[in-house]
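Colleague: Starting off with a structure, shown below.
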């Protein structure tokens, strides 16, 4: 959710065309996101300083601004300060990144058969890592088909 920086208004949900979340974060960006996910309310740079004692105020401010510009945080004004909150939950961000990466991997599909090698490799890799995950994938496919038939 986002507010207009000048309005201090109510947050709005993300829209199509909003900034796409990056796949990777710098170490400080990741730590800041983790801290914000643990807080129930928006935080200012000053609020977060206690959790990052070895980080300069200006570095933390720049990191929050960078996360905001990447579309990962929303911000609103409180007096002269900005308050920041995560745009996505931790799981929501993972879902956004996974969707984007899968979409890039699959690309525009004119020939569905062209996807077989990708799907085959995916199934092999899932099975190589953990047979339990392969079973879970199979159950997800069954559940999806049951849902589509209704």
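Colleague: Could you list all residues from the stretch 48-62 that are assigned to a loop (DSSP other than H, G, I, E, B) and surrounded by fewer than 17 Cβ atoms within 10 Å (Cβ to Cβ)? If you could, list the steps in order and put the result at the bottom.
Modeller: Taking the stretch 48-62 first, the residues assigned to a loop (DSSP other than H, G, I, E, B) are 50-56.
Correct list: 50, 51, 53, 54, 55, 56.
Colleague: A further question on this structure: Is it fair to say residue 84 is touching a residue at least 40 places away in the same chain (Cβ under 8 Å), under 17 Å from residue 28 (Cβ atoms) and in contact with a strand residue (DSSP E or B) (Cβ under 6 Å, 6 or more places away or on another chain)?
Modeller: yes
Colleague: Do we have residue 93 as outside the structural domain of residue 30 (by TED's automatic domain parsing) and closer than 15 Å to residue 32 by Cβ here? Walk me through how you get there before you give the answer.
Modeller: On the way: outside the structural domain of residue 30 (by TED's automatic domain parsing): yes; closer than 15 Å to residue 32 by Cβ: yes.
Yes; evaluated as a whole, the condition is true for this residue.
Colleague: Being buried (at least 18 other Cβ atoms within 10 Å of the Cβ) and not in a strand (DSSP E or B) is the filter here, so list the residues in the stretch 67-87 that pass it.
Modeller: Those that are buried (at least 18 other Cβ atoms within 10 Å of the Cβ) and not in a strand (DSSP E or B): 67, 68, 72, 87.
Colleague: Sticking with this one: Residues in the stretch 77-87: is at least one modelled with pLDDT of 90 or more, closer than 22 Å to residue 38 by Cβ and over 22 Å from the mean Cα position of the chain (by Cα)?
Modeller: Our first condition is that a residue be modelled with pLDDT of 90 or more; within the stretch 77-87, this holds for 77-87.
Remaining after also requiring closer than 22 Å to residue 38 by Cβ: 78, 81-87.
Adding the requirement that they be over 22 Å from the mean Cα position of the chain (by Cα) leaves 78, 81.
Yes.
Colleague: Can you name every residue in the stretch 100-118 that is without any contact (Cβ under 8 Å) to a residue 12 or more places away in the chain and surrounded by fewer than 11 Cβ atoms within 10 Å (Cβ to Cβ)?
Modeller: In the first step, residues of the stretch 100-118 are kept if they are without any contact (Cβ under 8 Å) to a residue 12 or more places away in the chain; the result is 102-104, 107-117.
103, 104, 107, 108, 109, 110, 111, 112, 113, 116, 117, listed by residue number.
Colleague: Let me ask another. Please go through (1) surrounded by 15 or more Cβ atoms within 10 Å (Cβ to Cβ); (2) out of contact with any strand residue (DSSP E or B) (no Cβ under 9 Å at 6 or more places or on another chain); (3) modelled with pLDDT of 90 or more for residue 45 and return the number of the only condition it doesn't satisfy.
Modeller: (2)
Colleague: Which residue is nearest to residue 138 (Cα to Cα), if the candidates are limited to the stretch 102-114 and must be within 26 Å of the chain's Cα centre (by Cα) and assigned to a helix (DSSP H, G or I)?
Modeller: Of everything passing the filter in the stretch 102-114, 102 is nearest to residue 138 (Cα to Cα).
The values are calculated or read from the model by the stated rules, or taken from the named source; none is laboratory data. This one's a predicted model, so the numbers in the text were calculated from it and none came from an experiment. Glycine also receives a Cβ, built like all others from the backbone with ideal geometry; neighbour counts cover every protein chain displayed.
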